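Trainee: Before we start, here is the structure in question, set down as structure tokens.
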Amino acid sequence: MIKLLTPAYRNLELLVVSLWLAASAVHAADDSVVVVGGTGDDCIEDPGCVNRLHPDIPMVVSAEPGQTILFHTRDARDALGASVQQTREPERFSSDFGRVHPITGPVDISGASAGDVLKVTILRIEPGPYAWSTGGSSGFVPDLIDGQSQVIWRLNGDYAETDDIPGVRIPNASFPGIVTTLPGRSEHRRMLEREQALAEVGGKVSLPLTDYADPEALCGPGGAAAEACLRTIPPREHGGNMDIRYLQAGVSVYLPCFVDGCGLAIGDLHYAQGDGEVSGTAIEMSADVWVSTELLKDGPDLSLGPHYEGPSTLLDIPSRRFYAVTGIPVKNEGEVPPDMQYLQSDVTAGLANLSNDINLAARNAVSGIVDYIVNTYGYNRQQAYIIASVAVDLRIAQLVDAPNVGVTAILPLDIFNQN
């Protein structure tokens, strides 16, 4: 049997423990833990949970800078319940799109003012016992995969495994997909306007939706801001659904405070994910997350998005060996990739090569790695797509060799424990 935890990952565990102890020592004067969320059958019944973003969403609890905060989070579809509520392996399920994503919070950070920067350090993540992934006609290359599938994972401290994709074990690399503050009024207005403009020309956007919206009084049907509560689907300047797999324990995230108190919230926990999350999901779980915060009055410029920092071991793939497929921006003449159709270009279809199109290069790399998994390991395309989503890293090779920028899809081979 392959041993999944490499020396680098064992060293990382020691680093996380050291960070946890250091944080405890520094803040020994106030060692109480602020606990948020985790009650009720779903997000709407949980007073510590919301699934929309708006500057008028009230804070649910307050924490001092430096104080440890424990977030009891829910899975992305609000289907599994909080970790403590999961007593048996779940059946296959469906969930209304309006429930995506439940996030725990928002937390008022005492003394924070609009214009401050909030440094959030992730101290510890404790996964729940079960998780799920989906694949098929969604995600990054929906036209290349037929049908739809769902996988139920069993989790422990070391790896995830599933009867739906036998012979695969995915190492624990838990992180929150969403770390966010609340948007301010001017930022909120700008975000709504630009996303509405994109939708009007056919761009793919998740516009405000009142179904299953929480908080109901503000964002639900008949709510005070029913048509103006932002979905949590895309990341924005305040953070949000960044889905960066490197935001693991030991990492600090720098977020802008657009409102007094910042409004920190966390959710969409992933047990593991490849760079790209190409099927549209990672290994989606509920989890408990411990963080601490620090207020910076003269922090970095975050006008184009959050920053983060942490140990370089998190940049490694969890494997001793890999196989990689490259992609460049070429296609068949007459073809228009689905994500480009809204542009209604008169020239795209007739070209076999697009100039410096990193999206098309990534599409070709994903297609190639899915084919490799199918041909080498005998999985079907649905299974291979999910494997690519939870384990394959998409990395930019170069951006300067016009017209063919390059993307590499890296598959860690130690995840396979087949004979």
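The values are calculated or read from the model by the stated rules, or taken from the named source; none is laboratory data. Note that the coordinates shown come from a computational prediction; the quantities given were computed from them, not determined experimentally. FYI the Cβ positions are ideal-geometry reconstructions off the backbone, even for glycines, and counts take in every protein chain you see.
Trainee: Among the residues of the stretch 337-357, count how many are aliphatic (A, V, I, L, M) and exposed (fewer than 12 other Cβ atoms within 10 Å of the Cβ). Walk me through it before giving the result.
Mentor: From the stretch 337-357, those aliphatic (A, V, I, L, M) are 340, 343, 347, 349, 351-352, 354; that's our starting set.
Next, from what is left, pick out any that are exposed (fewer than 12 other Cβ atoms within 10 Å of the Cβ): 347, 352.
Residues meeting the conditions: 2.
Trainee: Inspect the stretch 169-179 for any residue being exposed (fewer than 15 other Cβ atoms within 10 Å of the Cβ) and over 16 Å from the mean Cα position of the chain (by Cα) and give the result as yes or no.
Mentor: no
Trainee: Determine, yes or no, whether Thr134 is among the β-branched types (Val, Ile, Thr) and out of contact with any helix residue (DSSP H, G or I) (no Cβ under 8 Å at 6 or more places or on another chain).
Mentor: Criteria not met by Thr134.
Trainee: Could you list, in sequence order, the residues of the stretch 58-91 that are more than 30 Å from Leu296 (Cα to Cα), out of contact with any Phe, Trp or Tyr (no Cβ under 9 Å at 6 or more places or on another chain) and among the charged types (D, E, K, R)?
Mentor: Listed by number, the list holds a single entry, Glu91.
Trainee: Just to check your reading of the model, which residue among Ser113, Ser138 is in contact (Cβ under 8 Å) with a residue 60 or more places away in the chain, in a loop (DSSP other than H, G, I, E, B), surrounded by fewer than 22 Cβ atoms within 10 Å (Cβ to Cβ) and within 17 Å of the chain's Cα centre (by Cα)?
Mentor: After applying the criteria, what remains is Ser138.
Trainee: Report yes if some residue within the stretch 39-62 is of a type outside the set (Gly, Ala, Ser), surrounded by 15 or more Cβ atoms within 10 Å (Cβ to Cβ), in contact (Cβ under 8 Å) with a residue 24 or more places away in the chain and farther than 30 Å from Val205 by Cβ; otherwise report no.
Mentor: Yes; the residues of the stretch 39-62 include at least one that is of a type outside the set (Gly, Ala, Ser), surrounded by 15 or more Cβ atoms within 10 Å (Cβ to Cβ), in contact (Cβ under 8 Å) with a residue 24 or more places away in the chain and farther than 30 Å from Val205 by Cβ.
Trainee: From the list Glu294, Glu284, exactly one residue is closer than 30 Å to Ile145 by Cα, assigned by TED's automatic domain parsing to the domain that holds Ser110 and either charged (D, E, K, R) or surrounded by fewer than 21 Cβ atoms within 10 Å (Cβ to Cβ) (or both). Which is it?
Mentor: Details: Glu294 fails: closer than 30 Å to Ile145 by Cα.
Matching residue, one of Glu294, Glu284: Glu284.
Trainee: If Tyr308 satisfies all but one of (1) at pLDDT below 95; (2) assigned by TED's automatic domain parsing to the domain that holds Gly240, what's the number of the condition it fails?
Mentor: The failed condition is (1).
Trainee: Out of the residues in the stretch 168-213 that are in contact with a Lys or Arg (Cβ under 7 Å, 6 or more places away or on another chain) and not in a loop (DSSP other than H, G, I, E, B), state the one that is nearest to Tyr130 (Cα to Cα).
Mentor: Phe175
Residue-wise test of (1) on the phi < 0 side of the Ramachandran plot; (2) not hydrophobic (A, V, I, L, M, F, W, C).
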{"position": "Asp301", "(1), (2)": "yes, yes"}
{"position": "Ile317", "(1), (2)": "yes, no"}
{"position": "Tyr323", "(1), (2)": "yes, yes"}
{"position": "Ile328", "(1), (2)": "yes, no"}
{"position": "Lys331", "(1), (2)": "yes, yes"}
{"position": "Gly334", "(1), (2)": "no, yes"}
{"position": "Pro338", "(1), (2)": "yes, yes"}
{"position": "Tyr342", "(1), (2)": "yes, yes"}
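Trainee: Give, as residue ranges, the strands (runs of 3 or more DSSP E) completely inside the stretch 1-108 that count at least 2 residues that are under 21 Å from the mean Cα position of the chain (by Cα) and either under 18 Å from Arg124 (Cα atoms) or at pLDDT 95 or above (or both).
Mentor: Those strands (runs of 3 or more DSSP E) span 68-72.
Trainee: Taking only the stretch 335-368 into account, find how many residues are out of contact with any helix residue (DSSP H, G or I) (no Cβ under 9 Å at 6 or more places or on another chain) and part of a loop (DSSP other than H, G, I, E, B).
Mentor: Count: 11.
Trainee: Which condition number in (1) crowded, with 24+ Cβ neighbours inside 10 Å; (2) touching a His at 6+ places or on another chain (Cβ under 6 Å) is the one that Ala225 fails?
Mentor: Every condition holds for Ala225 apart from (1).
Trainee: Report whether or not Arg245 is within 28 Å of Cys43 (Cα to Cα) and among the basic types (Lys, Arg).
Mentor: Yes: the conditions hold for Arg245.
Trainee: Shifting gears a bit: So which residues in the stretch 382-419 are modelled with pLDDT under 95 and farther than 22 Å from His270 by Cβ?
Mentor: Those that are modelled with pLDDT under 95 and farther than 22 Å from His270 by Cβ: Gln418, Asn419.
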